[in-house]
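See below for the structure under consideration.
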Amino acid sequence: MRLGDATLIEAGDADDSIIDVLRSLDDPSEPAQVARAFRLVGTRGPAKLAYLPQGGEIAELDRGEPVREVSAVSIRGWLDSLPEEDVHESSVGNMNHVLVLGRGEQLLGAAGHVDWPAGIGHIGVLVAPHARGHGVGTLLGSAATRRALDRGRTPQWRAADSNEASRHAARRIGYREMGRQFSFQLA
């Protein structure tokens, strides 16, 4: 993970030689550099990490439709109807309670945060494919950010480099990209 000019390498139980190789790379959050150094069997990312500027305000958005909090268990059927990779990437399936937006019984999206170490509130947003491009993710992301702040967390928005819609929503809310993350598993 890279934040600003700092790099964090979390290597679990890897031996020192692997850590030394990672340290020798110009940017260990760059997949091509890591793939040249190691044989990889699984990856996640790369992704941009965004945070609110110190003292920054978040955009309070309102579409005139109520955002309500529900148990994540209560939307399991909806989650199962969506692309598995989208659900995984959003982390919404790992949350106990989520904020949802919907028309009648039809959910348009869900969002919330997962408490991570060091006071981080990892924001997750998931929008149904048919509802994308209409501000649903921005509205839910703003509400989830407010909720994380109200609970004393530092909100973090993680979006795949290729997910320009998510990155745009984060910028509209007030986030600024400050880092990059790439996770991988060695063969």
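Odds and ends about this structure:
- The distance linking the stretch 98-145 with the stretch 18-43 is 32 Å (Cα centroid to Cα centroid, whole angstrom).
- When +1 charges are put on Lys and Arg Cβ atoms and -1 charges on Asp and Glu Cβ atoms, the dipole computed for the chain relative to its Cα centre reaches about 500 debye.
- Global geometry of the stretch 2-46, whether rounded, prolate or oblate, following the gyration tensor of its Cα atoms and the 1.5 cut on a/c: rounded
- Averaging the sequence gap over all C-alpha pairs within less than 8 Å and six or more residues apart, then dividing by the number of residues, gives the chain a relative contact order of 33 percent.
- Put in order of Cβ neighbour count within 10 Å, fewest first, the listed residues 182, 38 become 38, 182.
- Dipole of the chain computed with +1 at Lys/Arg Cβ and -1 at Asp/Glu Cβ about the Cα centre; of 11, 166, 114, farthest Cα towards the positive end is 166.
- Each peptide in 71-81, 106-116 receives the mean, over its residues, of other Cβ atoms within 10 Å, and ordering these scores from highest gives 106-116, 71-81.
- Candidates 137, 56, 93: whichever shows maximal mean-square fluctuation once the chain is modelled as a Gaussian network with Cα springs under 10 Å: 56
- Extension reserve of the residue 21-residue 36 stretch, reckoned as 0.36 nm per residue once the Cα distance is removed: 4.3 nm
- Label sites at residue 146 and residue 81, each approximated as a point 7 angstrom past Cα along Cα to Cβ, lie 2.7 nm apart.
- For residue 50, the shell of other residues with beta-carbons less than 9 Å away shows a net charge of +4, using +1 for Lys and Arg and -1 for Asp and Glu.
- Cα-based shape type of the stretch 51-120, given that a ≥ b ≥ c are square roots of the gyration tensor eigenvalues and the cut on a/c is 1.5: oblate
- Whole-number D in µm²/s for the chain (Stokes-Einstein; Kirkwood sum over Cα pairs; 4 °C, 1.567 mPa s): 74 µm²/s
- Close amide-amide hydrogen proximity is noted between residue 120 and 154, each under 5 Å apart and 5 or more residues distant or on a separate chain (H modeled in the peptide plane; Pro and chain starts excluded).
Values quoted throughout were computed directly from the atomic coordinates according to the rules given, and no laboratory measurement underlies them. Since the structure is predicted, the reported quantities are computational estimates derived from the model, not experimental observations. Backbone-built Cβ (ideal geometry, glycine too); neighbour counts: all protein chains shown.
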